[in-house]
Amino acid sequence: MSKMKHTLKNKKVLVTCGPTWVPLDSVRVISNLSTGTLGQNIARDFQKSGAKVTLIEGPVAKPLTAKSLRVLKFRYFHELSVLLKNELGKKYDICIHAAAVADYKLKRPGKTKWRSHCKSLRLELVPTKKIIQQIRRSAPDLFLVGFKLEPGINKTKAVAKTRGVFKDGKCDLVVANSVDNGKYESYILDRKGTFFAHERSRNGLARSLVRTVSSKI
């Protein structure tokens with residue numbers, strides 16, 4: 001632990017967490033079921049290891065309250081994008097991109113509230129920009145950790161399903177994880193398919209991620 005603290009002491013770490021909204025109309029949104037708990041745990045564990053941590057936190061039910069951490073809030077996809085652009089100009093050493101970013105948005109969101117008595121609505125969704133690509137373009141020398149949520153994750157799936165994340169973000173590490181029937185499963189691996197940890201709890205994953213990143217920087 002003392003060696004890990006020394007390695008991470010005063011390193012600037014940026015962590016994202018929580019769900020990401022995209023608007024349907026002026027009052028409705030598309031979201032996801034992310035609680036932000038994993039990202040919060042990761043932020044706390046990096047801080048305990050001597051790092052200077054900033055957490056960019058989405059609209060979670062239980063916001064992180066910690067005087068030792070700097071917390072920036074967002075709700076919508078575009079707010080996350082702007083926050084990242086501003087923060088990545090501040091020369092971070094490490095970024096843990098654990099937020100559950102919206103993959104799609106409505107092509108033409110309603111400018112006002114849609115009437116509630118419509119018999120049906122046809123919505124056209126288009127892909128959002130890849131936030132992880134934005135992170136890498138803004139900070140090419142950053143140590144970057146991406147995430148891939150995939151049902152029924154195992155070692156074989158972890159290698160196959162993380163290829164796109166490594167390609168898009170040129171990540172140094174990716175966490176492949178799943179939550180199936182309340183059971184949590186996760187792997188930490190690099191682009192060569194080398195595994196550094198296999199954890200079955202969010203707390204365990206957070207601790208293993210700190211150890212792995214500490215050993216790689």
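General observations
Each row is one residue, and each column tells you yes or no for (1) closer than 17 Å to Ala100 by Cα; (2) in a strand (DSSP E or B).
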{"position": "Val175", "(1), (2)": "yes, yes"}
{"position": "Leu205", "(1), (2)": "yes, no"}
{"position": "Ser208", "(1), (2)": "no, no"}
{"position": "Ser215", "(1), (2)": "no, no"}
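- Region 112-129, residues that are surrounded by 11 or more Cβ atoms within 10 Å (Cβ to Cβ) and out of contact with any helix residue (DSSP H, G or I) (no Cβ under 7 Å at 6 or more places or on another chain): Lys113, Trp114, Leu123, Leu125, Lys129
- There is at least one residue in region 168-180 that is within 29 Å of Phe46 (Cβ to Cβ) and over 16 Å from the mean Cα position of the chain (by Cα).
- Pairs where the first residue, in region 162-181, is more than 18 Å from Lys130 (Cα to Cα) and the second is in a loop (DSSP other than H, G, I, E, B), C-beta under 7 Å, 6+ apart: Asn177/Ile153; Ser178/Glu150; Ser178/Pro151; Ser178/Gly152; Ser178/Ile153; Asp180/Pro151; Asp180/Gly152
- Only residues that are touching a residue at least 24 places away in the same chain (Cβ under 8 Å), over 11 Å from Thr16 (Cβ atoms) and not in a loop (DSSP other than H, G, I, E, B) were counted across region 53-74, and they come to 1.
- Residue selected from region 75-107 under the condition part of a loop (DSSP other than H, G, I, E, B) and among the charged types (D, E, K, R), by the criterion surrounded by the most Cβ atoms within 10 Å (Cβ to Cβ): Asp93
- Looking only at region 137-169, and only at residues there that are part of a helix (DSSP H, G or I) and hydroxyl-bearing (Ser, Thr, Tyr), the one that is surrounded by the most Cβ atoms within 10 Å (Cβ to Cβ): Ser138
- Only residues that are in a loop (DSSP other than H, G, I, E, B) and in contact with a Lys or Arg (Cβ under 6 Å, 6 or more places away or on another chain) were counted in region 108-136, giving 2.
- For Ser49, the conditions (1) within 27 Å of Gln133 (Cα to Cα); (2) crowded, with 21+ Cβ neighbours inside 10 Å; (3) small (Gly, Ala, Ser) all hold with the exception of (1).
- Test for Gly58: is it modelled with pLDDT of 95 or more, surrounded by 15 or more Cβ atoms within 10 Å (Cβ to Cβ) and not hydroxyl-bearing (Ser, Thr, Tyr): yes
The values are calculated or read from the model by the stated rules, or taken from the named source; none is laboratory data. Here the structure is a predicted model, which is why all the values come from computation and not from measurement. Please note: Cβ atoms are built from the backbone with ideal geometry, for glycine as well, and neighbour counts cover all protein chains shown.
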